[in-house]
Structure formats: C-alpha cells, structure tokens
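Here's the structure we're looking at; comments come further down.
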Amino acid sequence: MRLPGRGRQPERQSATDLTAVANAAGAVDTPAAGPIDSHVIDLARRRDVLKARVAELQWDLGGLVYEMAIRDRIRVDVLIKRAALLQDADSELGEIERILRLEHSATAGACTSCGAPHSTGASFCWQCGQPILQQVPSDTMFS
C-alpha cells in the first residue's frame, strides 16, 4: 500500500547479491605477501556478508521508525528488538574487522606501558623496553 505524497524508495539489493558483487569485484582482502590463509579469506567473506547485513538492518530499522511515526503508533518493544539485531551484527562486524587488521599488520597486541604494537613472539616492547609478558611467581602457580 502506498501512502499519498510518499516518494519512491530506492531498490535494495539483498545481502547475497552484495556479497556476490563484492567477491566478483575482488573486494576480498588478502595479505600482500606470503601464502593466502583460508581463515583470512573466510573472515573477509564473513565481513562482506555482515557489512551488507548491517546496511540492510539499518535500512529496515529506519523504514520501520518512519512507518510508525507517520501512523502515530510508535512501538518501542519492536524497535528495541530490531535495534538489538542490528547491534549484534554490528558488534560481530567490528570484531571481525579488528581480527583482520591484526592479521594484516601481524601485531598481536599493544604494550601495556606505552601502547606500541608488538608481534606475537615479542618479549620486550621495541619502543620503551618494558617486558610484554608479566612474570608470575612460582609459589602462586600451585597454591
């Protein structure tokens, strides 16, 4: 049903269509050097699917709010459920992007003293010299 005075909405693509287009266009990031890790490619594909899903959920949530507003019937419970779905997808997307950044930069974390990035095998910070791993006294390990 169309409401009077309402403009035409742009046509949406499904998440599957957007993922197929992104993969065909070579949007899947791979490391510049070295062998291609299958888990990096899987994460990149999952990231692309989640980007499309987040965009779709944002679109749907905005449309839902609009429809409720023009009918003067706002149902907060419905909006909260939809926003929770969006938040879950957005959180997963953020975590996958964080993991992919770590994979591409080969960093394992940051120094607790100065915040400089360090690699997986580092014992000391390259910037401030502080130990990366904290020593645990042997008497506390077996108590």
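The numbers here are math on the coordinates, done by the rules we state, and not lab data. Note that the structure is a prediction, hence the values are computed from the model and not measured. For neighbour counting, all protein chains shown are included, and Cβ atoms are generated from backbone atoms with ideal geometry for every residue, glycine included.
Once fully extended, how much extra length lies between ALA116 and LEU86, figured as 0.36 nm per residue of separation less the alpha-carbon to alpha-carbon distance?
Extending this stretch completely gives an extra 7.5 nm.
With a 10 Å Cβ neighbour count serving as the proxy for reagent exposure, in which order, fewest first, do HIS118, HIS104 appear?
HIS104, HIS118
In what sequence, highest mean first, do 85-96, 65-76, 41-52, 122-133 appear when ranked by Cβ atoms within 10 angstrom? Let's see the in-between values first.
Working: 85-96: 15.1, 65-76: 10.4, 41-52: 18.5, 122-133: 12.9.
Top to bottom by mean Cβ count within 10 Å: 41-52, 85-96, 122-133, 65-76.
How many nm is it between the label spots at TRP126 and ILE70, if each spot is 7 Å from the Cα in line with the beta carbon?
5.6
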